[in-house]
Each structure stands twice: as structure tokens, then as C-alpha cells.
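Written out below as C-alpha cells is the structure these notes cover.
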Amino acid sequence: MVRNIVILTGAGISAESGLGTFRDADGLWSRYPLEDVATPEGFARDPVLVHEFYNARRENAAQAVPNDAHKALARLQADWPGRVSIVTQNVDGLHEAAGARDLIHMHGELARALCARCGHRWDAPERMAKDDPCPACGAAATRPDVVWFGEMPYRMETILSLIDDADIFAAIGTSGNVYPAAGFVQEALGAGAHTVELNLEPSAVVSAFDETRFGPATQIVPDWVAELLQRRAE
Ligand code: OAD
């Protein structure tokens, strides 16, 4: 039987590519107050600071390369007979760099810019600045196309319908602290899916998962993918 898989990823999958997580020791939120750099209010108060924060992250992400976990998920998408959808909270481009195809960036992308005035989106330059004009309407209201706290994540309707059709739901490298993503496992259980957590350590919502696998993503994700593909071949 062909089975659909939905995979939620978080910062932990990109940690071994050299990109920092948010809530681990020395994580981004211990160095930059989240209220200052990841809320609409913070951007209204100090757009220069917020652009500098995302410019630095865009530069780091541009230098990073996909690791064995990103590559294993792309391989699963290529070789699995059913649909494999990746829903990422990450704003880096490492899933697509590894060859992922069916991918939703629910928290936006560092590589994209958004006009807060007219809603136009375009490829972000390496460095964005407060007074950059929107190429469509000319307003100096450009912002990174990332979802901030207090804003609605992108493509929620599509994500929920994918989860409703999922036979397997996996969460990889996410601490389970940020909703609505942290609630997807409950949605998946309601839909009758088998749920798997793959993480360095138990997340805040670990008790909701049927199966858990702990360790660095570059080890446990390729192992899990190999097992799925092996079981399918038997
Ligand atoms: P967090 O920083 O909250 O959690 C990262 C998770 O990855 C933790 O559970 C770690 O144990 C795990 N981890 C760390 N290194 C790992 C490794 N090598 N292999 C496997 N797992 C590892 O990041 P997220 O859960 O992604 O949102 O955070 C969710 C959202 O909160 C982000 O998208 C961002 C943030 O605030 C916004 O900015 C809106």
C-alpha cells in the first residue's frame, strides 16, 4: 500500500550544517532578544537592527551546505512510492539545496523579501536595508519574508490537509515550543498517522509521539530513511 508521509523539520536538522538553533545553550534567542528581532513590533521600533540580524543569518545560510539528514530526506522523496511532503520551520534553503521537491517554508525564507505595504515578494539581495524600495510599488517598506511571532505561518490550510492524509508524521530537530507547528503531532494522531520524533533530545511534546529516536540528525535521519525504504522493498 502506498503511504503518505509528512515531515516537519526545525533548526536541529541544520545544526550540523553550522547554523545555530534558537533554544539550545548559546542559541540565537539567548544572544538576541526575540521580542527585538522576531516580532512586527520589534521591526517597527528598530528596522535597522532587524535587517542587520537577518542579513547576518542570510550570510551564514549562504555559506552553509546541506548535511546527510537533508540529503536523506531528498532521497526519501525520490524513492518512496507515496507522497513525501516536507514542512519546514527553517528559513534557510538547505532542503532545496539537497534536492527536496515537495517543500513548504511555513516560516518564510531568508532568500525572499516582502513589501509590507503592497505584499509583493521578490528574491532578497544579500543585504537588505531599511530604505530599499519595493520593486512593485516603490514604498520603502521592505522586510525579510519571514514569519514573526504574532503572525500567521504560511500555507496552513495546505499543511493541515496534508497531515489529514498522512499515514506517517515525523518531526525532526524541533523543540516543540512554537505553535502551531508544535501541535501538528496532535493533528496527525487525530488523522490516524503513526508519529515519530527524531531529535537530539526529547521535545516539549515528546509524549504525543508513538515512536522516538534520539541522536544527531546526520545519523538518525539517514538510518530512519534507510529503514523505511528497506521495509518498503521487503
Ligand atoms: P529550537 O532551537 O527551538 O529547537 C531545536 C531542536 O533541535 C532542539 O529540540 C534540539 O534538541 C534539536 N537539535 C539540536 N541539534 C541537533 C542535531 N544535531 N540533530 C538533531 N536535533 C538537534 O528550534 P525550532 O524548534 O526549529 O520561529 O524552533 C521553532 C521556531 O522557533 C523557529 O522556526 C523560529 C523560532 O523562534 C520564528 O522565528 C517564528
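Would it be correct to say that Asp68 is over 22 Å from Ala181 (Cβ atoms), free of Cβ contacts under 8 Å to residues at least 24 places away in the same chain and not hydroxyl-bearing (Ser, Thr, Tyr)? Please lay out each step first, then the result.
Values: over 22 Å from Ala181 (Cβ atoms): yes; free of Cβ contacts under 8 Å to residues at least 24 places away in the same chain: no; not hydroxyl-bearing (Ser, Thr, Tyr): yes.
The answer is no for Asp68.
With respect to Ala98, determine if the residue is of a type outside the set (Ser, Thr, Tyr) and open to solvent by less than 40 Å² (accessible area, probe 1.4 Å).
yes
Would you be able to say whether some residue in the stretch 188-206 is touching a Pro at 6+ places or on another chain (Cβ under 9 Å), more than 8 Å from the ligand (Cβ to nearest atom) and not assigned by TED's automatic domain parsing to the domain that holds Glu35?
No.
Sort out which residues of the stretch 44-70 are within 14 Å of the ligand (Cβ to nearest atom) and open to solvent by 40 Å² or more (accessible area, probe 1.4 Å), and write them in order of number.
Within the stretch 44-70, Arg57, Asp68 meet the criteria.
The conditions are (1) within 28 Å of Ala141 (Cα to Cα); (2) without any contact (Cβ under 8 Å) to a residue 12 or more places away in the chain, and Ser30 fails exactly one of them. Which is it?
If we test Ser30 against (1) within 28 Å of Ala141 (Cα to Cα); (2) without any contact (Cβ under 8 Å) to a residue 12 or more places away in the chain, just (1) comes out false.
Just for the stretch 1-25: of the residues that are within 6 Å of the ligand (Cβ to nearest atom) and of a type outside the set (Lys, Arg), which one is farthest from Asn177 (Cα to Cα)?
Looking at residues that are within 6 Å of the ligand (Cβ to nearest atom) and of a type outside the set (Lys, Arg), I get Glu16.
Can you pull out every residue in the stretch 149-184 that is open to solvent by less than 50 Å² (accessible area, probe 1.4 Å), in contact with a Gly (Cβ under 8 Å, 6 or more places away or on another chain) and either more than 20 Å from Leu76 (Cα to Cα) or at pLDDT below 95 (or both)? Break it down into steps so the answer makes sense when it comes.
Taking the stretch 149-184 first, the residues open to solvent by less than 50 Å² (accessible area, probe 1.4 Å) are 153, 156, 159, 162-163, 166-176, 178, 180-184.
Right, trim to in contact with a Gly (Cβ under 8 Å, 6 or more places away or on another chain) and you get 167, 171-175, 181-182.
Selection gives Ser175, Ala181, Ala182.
For Glu109, which of the numbered conditions (1) free of Cβ contacts under 8 Å to residues at least 60 places away in the same chain; (2) surrounded by fewer than 20 Cβ atoms within 10 Å (Cβ to Cβ); (3) of a type in the set (D, E, K, R) fails to hold?
With (1) free of Cβ contacts under 8 Å to residues at least 60 places away in the same chain; (2) surrounded by fewer than 20 Cβ atoms within 10 Å (Cβ to Cβ); (3) of a type in the set (D, E, K, R) applied to Glu109, the lone miss is (2).
All but one of (1) assigned to a helix (DSSP H, G or I); (2) in contact with an Asp or Glu (Cβ under 9 Å, 6 or more places away or on another chain); (3) not assigned by TED's automatic domain parsing to the domain that holds Thr142 hold for Ile86; which doesn't?
Condition not satisfied by Ile86: (1).
Report, by residue number, each residue of the stretch 207-234 that is more than 24 Å from Pro81 (Cβ to Cβ), within 10 Å of the ligand (Cβ to nearest atom) and open to solvent by less than 20 Å² (accessible area, probe 1.4 Å).
Answer for the stretch 207-234, where residues must be more than 24 Å from Pro81 (Cβ to Cβ), within 10 Å of the ligand (Cβ to nearest atom) and open to solvent by less than 20 Å² (accessible area, probe 1.4 Å): Gly215, Ala217.
The values are calculated or read from the model by the stated rules, or taken from the named source; none is laboratory data. All of these numbers come straight from a predicted model, not from anything done at the bench. Heads up, the Cβs are rebuilt from the backbone with ideal geometry, glycines too, and the neighbour counts pull from every protein chain shown. Surface areas here come from the heavy atoms of the whole protein model, side chains and all, with no ligands, DNA or RNA. Shrake-Rupley method; radii C 1.70, N 1.55, O 1.52, S 1.80 Å.
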